[in-house]
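The values are calculated or read from the model by the stated rules, or taken from the named source; none is laboratory data. A quick note: this is a predicted structure, and the numbers were derived from the prediction, not measured. Cβ: placed from backbone, ideal geometry, glycine included. Neighbour counts: every protein chain shown. Side chains included, ligands, DNA and RNA excluded: accessible areas come from the protein's heavy atoms. Shrake-Rupley method; radii C 1.70, N 1.55, O 1.52, S 1.80 Å.
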There are 2 protein chains.
Amino acid sequence: MLHDSRLDDSNLVRAARQQPVTHTPVWFMRQAGRSLPEYRRVREGIPMLESCRRPELVAEITLQPVRRHGVDAAIFFSDIVVPLAAVGVDLDIKPGVGPVVAEPFRTRADLDRLPELTPEHVSYVTEAVQILTRELGDTPLIGFAGAPFTLASYLVEGGPSKNHEHTKALMYGDPQLWHDLCARLAQISGAFLRVQASAGASAVQLFDSWVGALPRADYERFVQEHSAAALAAVDDLSVPKIHFGVGTSELLPAMGAAGADVVGVDFRISLTDALARLGGRYSVQGNLDPALLFAPWEALEAKVREIVEQGRQAPGHIFNLGHGVLPETDPDVLTRVTALVHELSAR
Amino acid sequence: MLHDSRLDDSNLVRAARQQPVTHTPVWFMRQAGRSLPEYRRVREGIPMLESCRRPELVAEITLQPVRRHGVDAAIFFSDIVVPLAAVGVDLDIKPGVGPVVAEPFRTRADLDRLPELTPEHVSYVTEAVQILTRELGDTPLIGFAGAPFTLASYLVEGGPSKNHEHTKALMYGDPQLWHDLCARLAQISGAFLRVQASAGASAVQLFDSWVGALPRADYERFVQEHSAAALAAVDDLSVPKIHFGVGTSELLPAMGAAGADVVGVDFRISLTDALARLGGRYSVQGNLDPALLFAPWEALEAKVREIVEQGRQAPGHIFNLGHGVLPETDPDVLTRVTALVHELSAR
């Protein structure tokens, strides 16, 4: 029954599986969020973490950009630290700052603060996904989770970090503790994806926002196996898996090899160059620079055309940004880009 | 006479010119700065911009890391916005924030606020370099300037920016204005390098801190010619030219082709991979992750050994970090790394 709610025939799932599509599917990272006035309205007075725990509100926020832009997928509204808070980590998401962890993780004893995540920890997620799969009709829902490296960085630094110096000091200085920490995070991350896919999400995306801070050899040594474990948690649910990071042009093949069907590409490398590096083995997602949404339409249109064109060379292409929608973006531009991609790619 | 003050036989200059060295030369980006207690002492109560305009103070700060660490080069203490302030742009460097421009540049009329830089605008720089070449003895001085893209980003955004959305909107949306702006910045940047090289600097480095935010094709279309013009300003002074940016693994060959002798490599790509991409045509500088300086010595030592080893495959290698020294770095670790590189590479 659950399987029936998945939209295997949607363009999103078909593109991820390298099957023919009727047009290139489009969605935007952070499409559900601060760029929309209707989002700011429903979030008013409700702290971020709290808003992720109210199923009706999560469903409404997730639906808003689908209604407004006509995108080909909904992305589940949550935050990568939600599962960490769910297992008991003392943290908050501060406006204008991001996740702040009360006591940073630095020693082996800190592992005790990371019990396994069970579906019971996040029953509000199951509930929200169930509402959504009912409401979304033909539009697939993408479940999401943060990847172990990025989650570890938040825990070890105690918040967002530019240089990840404590994280790297731990990773290079105490590899055994690092691997034990990441193994726990992979369980949490994988279980969070699994909850969403089990409740009806049609695809999942694993976000490794910060992993571009590592060179390839260190990614392979310290990170890849844990991201692979997180993705493997949904292997038997037959949902396509998207894997994305920022500044990861050197890591693309390794991120694909972690078990992805679709490799997300940021805007710092062309889709053509990314495809060459990936050896044609994966579908790709991307990669419009979100800053381009602030440029005059002619300049933006030229870039969109270029990306759709380059995407034709891929085994499968999901149009997206190369990073999240910036808060000051004019939402009408996103609607217009969606229509343009559909028009350019209709077959 | 001026030429005599340049240290063509120093290991730094020889490595840049692909000539044999007695050991791999070492210096650290931001070695003159906040990680040193003696720096914090002499800067006390003196605003950043003001401190860049006092020749004796500039010389003292530039000399401090040479005395302390025994590095193979001094880097001229200044800030990339100093030449902009010198030609009259209303800006300040705010502690904990960075350069803040009173009125951001957005229109053609703003070009009037960017007159050409002449040596008279920065006589304090000439004076400081003259003091330094006298005091430094056998240690070469590296002159430095910010590259047009990075300077443009500060001017257009009005300060440091994560996403460079206004800069990119201008670049993609009004290419002619963009090119005119960057041509002016190239003159300023090139003239600033020329002042330092004319006064006795033995090498120059052009910093393009933010240019990693662009894909290669756009770098080639919007940036490369302007960085090339800045570097060409010192062509007749026969000083080697180092060109560095952050997150630029995709841009390395294009940055070399802008007229560099040495391509700076950040820590996100191994020297071996960078050398392959550069086709053996340039000396390289780099690329220890500054976060590694926070790791236990054994982990740090292993990385330093790896980088020195990989550097042996280069036509010339200058050991450096892959980004600037972080303020909280223990300076004793930098001294120890310097000695280790010297020991490992002595021939």
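Considering the range A:321-347, and only residues there that are of a type in the set (Val, Ile, Thr) and away from chain B (no Cβ under 13 Å), the residue that is most open to solvent (accessible area, probe 1.4 Å) turns out to be A:Thr335.
Say whether the condition of being out of contact with any Lys or Arg (no Cβ under 6 Å at 6 or more places or on another chain) and part of a loop (DSSP other than H, G, I, E, B) is met by at least one residue in the range B:120-135.
The answer is no, given that none of the residues of the range B:120-135 is out of contact with any Lys or Arg (no Cβ under 6 Å at 6 or more places or on another chain) and part of a loop (DSSP other than H, G, I, E, B).
For the subset of the range A:209-234 comprising residues that are in contact with a strand residue (DSSP E or B) (Cβ under 7 Å, 6 or more places away or on another chain) and aliphatic (A, V, I, L, M), which member is surrounded by the most Cβ atoms within 10 Å (Cβ to Cβ)? Per the stated criteria, the residue is A:Ala230.
The residue that is nearest to the chain's Cα centre (by Cα), among those in the range A:102-119 that are outside any helix (DSSP H, G or I) and under 25 Å from A:Ile61 (Cα atoms), is A:Leu117.
Looking across the range A:252-272, the residues that are more than 20 Å from A:Leu292 (Cα to Cα), out of contact with any Ser or Thr (no Cβ under 7 Å at 6 or more places or on another chain) and part of a helix (DSSP H, G or I) come down to A:Leu252, A:Pro253, A:Ala254, A:Gly256, A:Ala257. Across the range B:209-251, the number of residues qualifying as in a loop (DSSP other than H, G, I, E, B) and within 17 Å of B:Arg17 (Cα to Cα) comes to 4. Only one of the numbered conditions (1) over 20 Å from the mean Cα position of the chain (by Cα); (2) farther than 28 Å from A:Asp332 by Cβ is violated by A:Leu84, and that is (1). Screening A:Ile269 on (1) aliphatic (A, V, I, L, M); (2) within 12 Å of chain B (Cβ to nearest Cβ); (3) surrounded by fewer than 19 Cβ atoms within 10 Å (Cβ to Cβ) shows it passes everything except condition (3).
When A:Lys168, A:Lys162 are checked against the criterion of being more than 18 Å from A:Ile242 (Cα to Cα), within 14 Å of chain B (Cβ to nearest Cβ) and not in a helix (DSSP H, G or I), A:Lys162 stands alone in meeting it.
Reported count of residues in the range A:235-266, each being open to solvent by 10 Å² or more (accessible area, probe 1.4 Å), under 23 Å from A:Arg305 (Cα atoms) and not small (Gly, Ala, Ser), is 1. Considering the range B:272-283, and only residues there that are away from chain A (no Cβ under 14 Å) and of a type outside the set (A, V, I, L, M), the residue that is most open to solvent (accessible area, probe 1.4 Å) turns out to be B:Arg281.
Looking only at the range A:137-154, residues that are surrounded by 21 or more Cβ atoms within 10 Å (Cβ to Cβ) and out of contact with any Leu (no Cβ under 7 Å at 6 or more places or on another chain) come to 8 in all. Residues in the range B:296-320 that are in a helix (DSSP H, G or I) and either among the β-branched types (Val, Ile, Thr) or surrounded by fewer than 21 Cβ atoms within 10 Å (Cβ to Cβ) (or both): 13 in all.
Counting just the residues of the range B:196-208 that are assigned to a helix (DSSP H, G or I) and open to solvent by less than 10 Å² (accessible area, probe 1.4 Å), which one comes out farthest from the other protein chains (Cβ to nearest Cβ)? Result: B:Ala199. Among the candidates A:Arg14, A:Arg30, A:Arg40, A:Arg68, the residue that is in a helix (DSSP H, G or I) and closer than 18 Å to A:Gly286 by Cα is uniquely A:Arg14.
Looking at A:Pro175, is it more than 21 Å from the chain's Cα centre (by Cα), within 26 Å of A:His243 (Cβ to Cβ) and open to solvent by 20 Å² or more (accessible area, probe 1.4 Å)? So A:Pro175 passes the test.
Please indicate, with yes or no, whether at least one residue in the range B:284-300 is more than 14 Å from every other protein chain (Cβ to nearest Cβ), touching a helix residue (DSSP H, G or I) at 6+ places or on another chain (Cβ under 8 Å) and among the polar types (S, T, N, Q). Within the range B:284-300, not a single residue is more than 14 Å from every other protein chain (Cβ to nearest Cβ), touching a helix residue (DSSP H, G or I) at 6+ places or on another chain (Cβ under 8 Å) and among the polar types (S, T, N, Q). You will find that of A:Leu275, A:Leu251, A:Leu293, the residue that is farther than 18 Å from A:Arg14 by Cα and under 17 Å from the mean Cα position of the chain (by Cα) is A:Leu251 and no other.
Scanning for something within 20 Å of B:Val265 (Cα to Cα), within 14 Å of chain A (Cβ to nearest Cβ), touching a helix residue (DSSP H, G or I) at 6+ places or on another chain (Cβ under 9 Å) and of a type in the set (Val, Ile, Thr), does the range B:219-233 turn up at least one residue? Checked against the condition, which is being within 20 Å of B:Val265 (Cα to Cα), within 14 Å of chain A (Cβ to nearest Cβ), touching a helix residue (DSSP H, G or I) at 6+ places or on another chain (Cβ under 9 Å) and of a type in the set (Val, Ile, Thr), the range B:219-233 yields at least one hit. May I ask you to verify whether B:Pro104 is open to solvent by 40 Å² or more (accessible area, probe 1.4 Å) and under 29 Å from B:Gly158 (Cα atoms)? Against the criterion (open to solvent by 40 Å² or more (accessible area, probe 1.4 Å) and under 29 Å from B:Gly158 (Cα atoms)), B:Pro104 qualifies. Pairing residues of the range B:57-74 that are open to solvent by less than 10 Å² (accessible area, probe 1.4 Å) with residues that are at pLDDT below 95, at Cβ distances under 8 Å and at least 6 apart in sequence or on separate chains, gives B:Ile61/B:Gly33.
Take the residues of the range A:235-265 that are touching a strand residue (DSSP E or B) at 6+ places or on another chain (Cβ under 6 Å), within 15 Å of A:Ala147 (Cβ to Cβ) and not small (Gly, Ala, Ser): which is nearest to the other protein chains (Cβ to nearest Cβ)? Step by step, filter the range A:235-265, then rank; the result is A:Leu252.
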